[in-house]
């Protein structure tokens, strides 16, 4: 995904590791809080302490898993940037597949291949959806040049004179020679 | 001519806007991945017809919710 707020390589590896840990710990903590709350005995005190205990027990583990994934992914991504001398979605897809394969290495070759396939497919989906969403939402945050702003202002004044604008009621007669 | 700033104010997306976009992206990715992987698993179990649609639909919504939550949190961290 084209995120312009990220650090350049190789510092991106450290930042992605920390960011992934935070994301996993917070997200996992939220889900574990809900699960612990529901599994605790009746009574508000028991439920709150159950949720807190579950968060303390497992959010670090979830964060650690996310951190390992993020660090491996980012290291491979930076290596691809170095060798290919390009930054495009294919880097992310290849990095996702390779990360999935590497982190499943202990469980055998077949599991490596399926995990690599899942990682690549998931990153392809992320890149694809990211491209689509950015294409549709980018216009909302487009910078407006001063010339275009003046043109909009003049158009708004003309609409007020013709009585088309809903703002016309709040203005008196406008001297058109001021434009 | 002085230009009014209230009617045409331009400011970047707020943190909450970015998190909403992150959730949308995550929800779409989660739904799509739920459809692909959930559909594959369901077909391998031999589900057909209404049972297949129900199972895949549930998997899609679960995947979308989970992935959307994580993406929103990740986007919030990077604000």
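The values are calculated or read from the model by the stated rules, or taken from the named source; none is laboratory data. This structure is a prediction, so every number in the text was calculated from the model and none was measured. Note that we place each Cβ from the backbone using ideal geometry, even for glycine, and neighbour counts take in every protein chain shown.
Overview of values
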item: All positions within the range A:18-32 that are buried (at least 19 other Cβ atoms within 10 Å of the Cβ) and over 15 Å from the mean Cα position of the chain (by Cα); result: A:25, A:28, A:29, A:32
item: Hits in the range A:102-112 (condition: in a helix (DSSP H, G or I) and over 12 Å from residue A:69 (Cβ atoms)); result: A:105, A:106, A:107, A:109, A:110, A:111, A:112
item: Search result, residues across the range A:128-141 that are modelled with pLDDT of 75 or more and closer than 13 Å to residue B:17 by Cβ; result: none
item: Every residue from the range B:38-77 that is surrounded by fewer than 17 Cβ atoms within 10 Å (Cβ to Cβ) and either at the interface with chain A (Cβ under 8 Å from one of its Cβ atoms) or not in a helix (DSSP H, G or I) (or both); result: B:46, B:47, B:48, B:66, B:77
item: Any hit, the range A:52-63, residues being closer than 22 Å to residue B:25 by Cβ and touching a helix residue (DSSP H, G or I) at 6+ places or on another chain (Cβ under 8 Å); result: yes
item: Counted residues, the range A:77-93 - those being out of contact with any helix residue (DSSP H, G or I) (no Cβ under 8 Å at 6 or more places or on another chain) and in a loop (DSSP other than H, G, I, E, B); result: 3
item: Candidate set from the range B:21-34 (those that are facing chain A (nearest Cβ under 10 Å) and either assigned to a loop (DSSP other than H, G, I, E, B) or more than 9 Å from the chain's Cα centre (by Cα) (or both)); member that is modelled with the highest pLDDT; result: B:32
item: Filter result for residue A:125 (farther than 30 Å from residue B:27 by Cβ and either modelled with pLDDT of 85 or more or in a helix (DSSP H, G or I) (or both)); result: no
item: Residue in the range A:76-91 that is closer than 21 Å to residue A:129 by Cβ and within 14 Å of another protein chain (Cβ to nearest Cβ) present; result: yes
